[in-house]
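The values are calculated or read from the model by the stated rules, or taken from the named source; none is laboratory data. Since the model is a prediction, treat every value here as computed from it, not as a measurement. So basically every Cβ, Gly included, is an ideal-geometry build from the backbone, and we count neighbours across all protein chains shown.
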Amino acid sequence: MELNKLIRAHLRKFDEYVPGEQPSENDWIKLNANENPYPPISEIVEDIKKNTNEKLRLYPDPLAKELKTKIINKLLKKDNPPQNINSYFVGNGTDEVLEVIYKVFIEVGDDIVYLDPSYGMYKTLSDLFGANSIELKLNEDFSLPESIFKTKGKLLIICSPNNPTGKSFDNELILKICKNFFGIVIVDETYCDFTDKTAIPLLNKINNLIITRTFSKSFSLASLRVGYAISNPKIINIMNQVKLPYNVNYLSQIAAISCIDNMDKVFERNKKIISERERISKIIDEYENINVLPSDANFILVEFKDKSQAIKLFEEMKKFKILIRYFSKPSLEKYLRISIGTENENKKLLDSFKDIVKNFL
Ligand code: PMP
């Protein structure tokens with residue numbers, strides 16, 4: 001049988017998402033996937049252990065109600081978030097949250113607008129659903145282009161702070177975009193805990209906005225896969241209807257609740273990542289012909305004179321067992337993205353950087 005003919009037509013030629021490399025040995029310094037360099041704090045690990053019990057035989061709460069209540073009453077309290085639990089959707093990481101949004105809104109041939117450069121999954125999902133990708137080029141300084149106010153489509157995705165540029169966008173701009181766009185606007189706030197900007201205050205001004213967030217980054221919980229969305233109940237309701245019933249497992253829900261119970265400790269520790277980000281940026285930026293872009297996230301984007309220098313530094317770093325991220329797409333070919341590590345990892349990064357610049361660049 002010709003199996004290829006049975007596959008959905010638009011998937012016969014499909015570029016899958018390529019995640020940051022995960023080396024099998026433990027002796028690598030991994031600064032390529034924007035993971036938190038610190039483990040989950042001990043209280044979270046204790047709560048997971050304490051709840052690893054006979055309850056594992058039961059299905060988890062399909063709507064993660066306890067977690068949503070904590071998100072409203074504690075995690076987001078200072079941002080004055082929507083109080084209705086039906087404004088919240090919890091998913092298996094932000095990636096699943098995004099997929100569920102596509103499932104709700106996207107039909108084959110619909111236009112999906114996102115920016116370039118930005119997170120690669122937007123395009124992968126667009127291809128998966130047979131949608132038409134409209135990539136708007138960010139300005140030279142990675143700010144939003146004027147064309148965003150005129151663009152048309154079913155979905156428009158803005159990542160703020162943007163991965164991989166680290167730049168976040170003001171609410172004034174986001175509000176104007178939402179008002180001009182006759183479709184759904186997603187603001188992906190995966191890295192919002194490393195800045196104080198958030199689009200949450202806009203939720204009561206417009207009804208076409210969905211904000212997505214995660215426990216993967218500041219809470220060090222990437223492996224347990226918990227993300228969430230906030231929007232108006234009409235959108236969230238249909239998202240809950242189309243998701244798989246038990247999309248977020250019991251221990252992940254427990255861990256996310258524990259993250260919120262211990263959030264002051266986590267946020268205190270995040271300050272270290274932010275201060276390291278500033279320290280490293282300043283040091284790397286001092287090299288001639290190398291620029292570090294200001295970042296609101298847990299990574300920095302470094303600009304080199306040309307593509308060959310970026311690739312050389314990337315390759316040489318590997319010889320020091322340090323993994324950073326090179327993206328071959330044209331808008332990023334002379335850049336490298338470096339996630340912020342522990343103080344010790346950052347020291348090794350900076351020492352290696354110095355060595356490579358001296359010998360090769
Ligand atoms: N959005 C952006 C911008 C990201 O960088 C990532 C993770 N790399 C995600 C979403 C996915 O996050 P999660 O781990 O919550 O699926």
Restricting to the range 62-84, what's the tally of residues that are in contact (Cβ under 8 Å) with a residue 12 or more places away in the chain and closer than 18 Å to ALA199 by Cα?
10
If we scan the range 235-252, do we find a residue that is assigned to a loop (DSSP other than H, G, I, E, B) and either more than 16 Å from the ligand (Cβ to nearest atom) or not assigned by TED's automatic domain parsing to the domain that holds VAL100 (or both)?
yes
Checked GLU276, GLU316, GLU268 against criteria (more than 20 Å from SER160 (Cα to Cα), charged (D, E, K, R) and exposed (fewer than 15 other Cβ atoms within 10 Å of the Cβ)); the one match is GLU268
Residue in the range 18-27 that is among the hydrophobic types (A, V, I, L, M, F, W, C) and surrounded by 14 or more Cβ atoms within 10 Å (Cβ to Cβ) present
no
Which of the residues that make up the range 114-135 are within 16 Å of the ligand (Cβ to nearest atom), buried (at least 18 other Cβ atoms within 10 Å of the Cβ) and of a type outside the set (S, T, N, Q)?
TYR114, LEU115, PRO117, TYR119, MET121, TYR122, LYS123, LEU125, LEU128
Can you find a residue that is among the polar types (S, T, N, Q), at pLDDT 95 or above and within 16 Å of the ligand (Cβ to nearest atom) anywhere in the range 89-98?
yes
Flagged pairs (Cβ under 7 angstrom, 6 or more apart or on separate chains; first in the range 201-225, touching a residue at least 24 places away in the same chain (Cβ under 8 Å) and basic (Lys, Arg); second assigned to a strand (DSSP E or B) and within 8 Å of the ligand (Cβ to nearest atom)) are ARG213/GLY227
Filtering the range 139-164 down to residues that are over 25 Å from ILE106 (Cβ atoms) and polar (S, T, N, Q), which residue is farthest from the ligand (Cβ to nearest atom)?
ASN139
